[in-house]
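Enquirer: Once you've had a glance at the structure underneath, I'll fire off some questions.
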Amino acid sequence: MTIGLNAYLVIGALLFSAGVVAVLSRRNAVAVLIGIELMLNAANVNLVAFDRFVSGGIGGQVFTLFVLAIAAAEAAVALAIILNVFDAHDRIDVDRVNSLKG
Amino acid sequence: MDASLPALVVVVPMLAAILTALAGRWWRRHAWPVALLATAFAAAGSLRILWRAVHEGVVLYRMGGWPVPTGIPYRIDLLNGIVLAMVACVSFLSVLWMRESVKREIRQAGQASYYAVVLLFTTGFLGITITGDVFNLYVFLEIASITSYVLVAMGRRREGLFAGYQYLILGSIGATFVLIGIGHLYMATGSLAMTDIAARLSGALVDHPSVVHTSFAFITVGLAIKMALFPLHSWQPGAYTYAPSSASLLMAATATKVAAYAFYRFAFTVFGTHYVTARLPQVMDGIMVMAAAAMVVGPLFAVRQDNLKRMLAYSSVGQIGYVVLGAALVNASAMTGSIAHFWNHAASKGALFAVVGIVVLRSGSPHIDNLRGLGRRAPWTAAAMTVAALSLVGVPLTGGFVTKYYLALGTLETGRGVLLAFILLSSLLTAVYMWRCLQRVWFADPDLEPAVTREAPWTMRVATLTFGAACLVFGVFAWIPVDIASAAARALLGEN
């Protein structure tokens, strides 16, 4: 049995769903962030798979590297915010974040 | 110099950002002049590019001289010429405006980095606007988004952190959707240059129709989050309310409209008018419903707010409806109104947020009661606010009227006259909340001591009055924006 494009797309879809579930259901701000990163990685898996099976260049793999760098920057900003919230409140509960938003 | 201007307009603010971040550690006072010079260059350059686009039709710049499908092209036609000029001029005026406000609201050690983030923010939005490559657009979208999260979180009050975090979560989801859409588009066509994708799309629609549809769906939803289109607007009021005043000004006048521009670009240049009208008309109908709902719901929430920043944020939720409605109607007149609204809304919302920033600087809080007596103590500021409020409502001889006139024309031409009711209701509600402000500005009880006791510093006053004057110029000399906008709309729809 050969592993084709569909297998990778299914993996991507599963990763994406796992990310969505984490964003929607987890209360911990770091867990929500990990969910976002999972969604981005699902997009990366798609890009690499499309590149390998359909277009045949290396463009998709190069883009994935760019996306990884962007995701790192995003995570850095998110963690900086979370640390600042933690300094102020000693907890990083998303529910409390929302309740204070008014 | 003239030939490489499209690249310089983006590169100069980016280099200036690095310069302010590095040099600002030691020469903190030089951060503002550097930011001002860089944005002034971007503003002058973008006006020059718009001038060339008006006369030459399309300005094309190839990064590194690579041919189009291989390298990244910067491609400026009338549509992004308009948006580019808007972003660059708003950034310049905002930076001019923000010196005193930043001194007050950002702690001293962070001021130089604040200007660096502002410059990167400008770079990001200029890049989204100018590029002709979809992946490049995504990268600039992320630069712009990440810097806006930082700007929001730099607010002094701790609510800014929470608002920044909420914005980060929703914004990242939106960007991820756009990325997945671009990935599918790449799969279906094997290309990333916008014009190249457009040329290959008809073939792709035969081979992989569902991939193209999936791509359009993901990109549309992602950009709808980014432009805070009702009902995906929940990040926006918090972000605009708790960000520092200067960041609210900058973001409210540019951010969501640039996402709306990206939607125009994808829908009409990349996917093409034929695709959105003949293959998937339901999507545009759905977006029309969302835009119409936004036009009414935004002002409806705004009426009840006592915090001026939050009121204006909900007002922006409504105003983005006007920008999107023209795209959803796929009609030259309506689109002329919407494209002209890029400028009109930037001018009116810029002026209003500038005035609110002055109120915050002088009185310490954006509560609506702090507007009382503004007309007596700060007549110039109050005048700018009045003109901007009239433009937001859509009174004749202001820019807002031009938008609404052409949008109304478009609804009648497409036989969707029921949308006229939404436009009227939206204007009426806008008049209600703007009247709440103007009544305090001009007709407050003279016995009450005004909260703002003196005029703003001259930098703020010049910028605020320029925003206010722009509302009048776009209304009185309406042919300037309308001629360019209608040529842009006809070019997008392929009519000539």
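Enquirer: Where Lys and Arg each count +1 and Asp and Glu each count -1, what net charge lies around B:Lys257 among other residues with Cβ under 12 Å from its Cβ?
Expert: Details: positive: B:Lys226, B:Lys349; negative: none.
Net charge in that neighbourhood comes out at +2.
Enquirer: If you roll a 1.4 Å probe over chain B with all protein chains in place, what percent of the accessible area is carbon or sulfur?
Expert: Working: 10670 of 16380 Å².
Within chain B, the accessible surface is 65 percent carbon and sulfur.
Enquirer: For segment B:460-470, take each phi angle, set θ = phi - 60°, evaluate the Karplus expression 6.51 cos²θ - 1.76 cosθ + 1.60, and give the result in whole Hz per residue in order, putting x for glycine and proline.
Expert: Taking θ as phi minus 60°, the curve returns 5, 5, 4, 5, 4, 5, 5, 4, x, 4, 4 Hz for segment B:460-470.
Enquirer: I need the peptides A:3-13, B:123-133, B:29-39, B:222-232 ranked by packing, meaning the mean over residues of other C-beta atoms within 10 angstrom, with the highest value on top.
Expert: Numbers: A:3-13: 13.4, B:123-133: 27.8, B:29-39: 20.4, B:222-232: 24.0.
My ranking of the peptides, most packed first, is B:123-133, B:222-232, B:29-39, A:3-13.
Enquirer: If you average the alpha carbon positions of segment B:81-152 and of segment A:65-80, how far apart do those two centres end up, in angstrom?
Expert: 18 Å
Enquirer: I need the peptides B:182-195, B:313-326 ranked by packing, meaning the mean over residues of other C-beta atoms within 10 angstrom, with the highest value on top. Mind showing how you got there, number by number?
Expert: On the way: B:182-195: 24.4, B:313-326: 27.6.
Top of the packing list down: B:313-326, B:182-195.
Enquirer: A plus B alone minus the pair: what accessible area, both sides summed, probe 1.4 Å, in Å² to 100? Kindly include the intermediate steps, with their values, before the conclusion.
Expert: Values: alone 6960 and 17910 Å², together 21820 Å².
In total, this chain pair buries about 3100 Å².
Enquirer: Rounded to the nearest 0.05, what FRET efficiency is calculated for B:Trp442 and B:Val54 with R0 set to 41 Å and r the Cβ-Cβ distance? Before the final figure, lay out each step's value.
Expert: Details: r = 40 Å, r/R0 = 0.96.
Working from the Cβ atoms, E equals 0.55.
Enquirer: Compute the accessible area of each residue in segment B:189-203 twice, once for its chain alone and once with every protein chain present, using a 1.4 Å probe on heavy atoms, and list those whose area falls by at least 50 Å².
Expert: Correct list: empty.
Enquirer: Here is a follow-up. Find the centroid of the Cα atoms in segment B:193-241 and in segment B:365-393, then give the distance between the two in whole Å.
Expert: Centre-to-centre distance over Cα atoms comes out at 38 Å.
Enquirer: State log₁₀ I(q)/I(0) for segment B:280-496 at q = 0.07, 0.08 Å⁻¹ as given by the Debye formula over alpha-carbon point scatterers of equal weight, solvent excluded.
Expert: Computed log10 I(q)/I(0) values: -0.22, -0.29.
Enquirer: Across peptide B:171-182, what mean number of C-beta atoms from other chains lies inside 10 Å of a residue's C-beta? List each step's numbers first, then the result.
Expert: Numbers: counts 2, 14, 7, 0, 8, 13, 2, 1, 10, 9, 1, 3.
Going residue by residue through B:171-182 and averaging, the value is 6.
Enquirer: Can I ask one more? Report the net charge of residues surrounding A:Gly19, where surrounding means a beta-carbon distance below 14 angstrom and charges are Lys +1, Arg +1, Asp -1, Glu -1.
Expert: On the way: positive: A:Arg26; negative: A:Glu37, A:Glu74.
With Lys, Arg at +1 and Asp, Glu at -1, the neighbours total -1.
Enquirer: When Cβ neighbours within 10 Å are restricted to other protein chains, what is their mean count per residue of peptide A:36-43?
Expert: Working: counts 8, 2, 1, 7, 6, 1, 4, 12.
If you average over the peptide's residues, the count of other-chain Cβ atoms is 5.
Enquirer: Would you work out the charge dipole size for chain B about its Cα centre, treating the Cβ of every Lys and Arg as +1 and the Cβ of every Asp and Glu as -1, and quote it to the nearest 20 debye? Intermediate results must be reported in sequence, preceding the final value.
Expert: On the way: 34 positive and 20 negative charges, 258 e Å.
So the dipole magnitude of chain B works out to roughly 1240 debye.
Enquirer: Need the list of aspartates and glutamates near B:Lys257 for cross-linking: C-alpha distance under 18 angstrom, and skip anything on the same chain fewer than eight residues off.
Expert: Within the straight-line limit of under 18 Å, B:Lys257 reaches these aspartates and glutamates: B:Asp77, B:Glu142.
Enquirer: Calculated from DSSP H runs of 4 or more alone, at -39500 (n - 2.57) each and per residue, what is the 222 nm mean residue ellipticity of chain B, nearest 500? Please report the intermediate quantities before stating the final value.
Expert: Details: 19 runs with 375 residues, N = 496.
Mean residue ellipticity, 222 nm, calculated: -26000 deg cm²/dmol.
Enquirer: Follow-up question, since we're still on this one. In debye to the nearest 20, how big a dipole does segment B:352-496 give about its Cα centre with +1 on each Lys and Arg Cβ and -1 on each Asp and Glu Cβ? Write out the running numbers ahead of the final one.
Expert: Numbers: 11 positive and 8 negative charges, 41 e Å.
Dipole size: approximately 200 debye.
Enquirer: Give me a single rounded figure for A:68-74: the average over its residues of other chain Cβ atoms within 10 Å of their Cβ.
Expert: On the way: counts 0, 2, 10, 4, 0, 4, 9.
Taking all residues of A:68-74 together, the mean is 4.
Enquirer: If you line up the Cα atoms of the protein assembly as shown on their principal axes, what length do they span on each, largest first, in Å?
Expert: Over the protein assembly as shown, Cα extents along the principal axes are 86, 59, 48 Å.
Enquirer: If you average the alpha carbon positions of segment B:277-342 and of segment B:11-77, how far apart do those two centres end up, in angstrom?
Expert: Segment B:277-342 and segment B:11-77 have Cα centres separated by 30 Å.
Enquirer: With θ set to phi - 60°, apply the Karplus curve 6.51 cos²θ - 1.76 cosθ + 1.60 along segment B:282-293 and write out the HN-Hα couplings as whole Hz, x wherever there is a Gly or Pro.
Expert: Karplus values, whole Hz, x for Gly and Pro: 4, 4, 5, 5, x, 5, 4, 4, 4, 5, 5, 5.
Enquirer: Suppose all protein chains stay in the model; what accessible area per residue would a 1.4 Å probe give for chain B, in Å²? Before the final figure, lay out the partial values.
Expert: Details: 16380 Å² over 496 residues.
Value returned for chain B: 33 Å² of accessible area per residue.
Enquirer: First measure r as the distance between the Cβ atoms of A:Val10 and B:Arg490, then evaluate 1/(1 + (r/R0)^6) with R0 = 41 Å and state the FRET efficiency to the nearest 0.05. Present the calculation step by step, with values, prior to reporting the outcome.
Expert: Numbers: r = 45 Å, r/R0 = 1.09.
That pair, A:Val10 with B:Arg490, gives E of 0.35.
Enquirer: Quick one: what Rg and Dmax do you get for chain B from the alpha carbons, in Å?
Expert: 21.3, 75
The values are calculated or read from the model by the stated rules, or taken from the named source; none is laboratory data. Here the structure is a predicted model, which means the values were calculated and not measured. So basically every Cβ, Gly included, is an ideal-geometry build from the backbone, and we count neighbours across all protein chains shown. Accessible surface areas use protein heavy atoms only, side chains included; no ligands, DNA or RNA. Shrake-Rupley method; radii C 1.70, N 1.55, O 1.52, S 1.80 Å.
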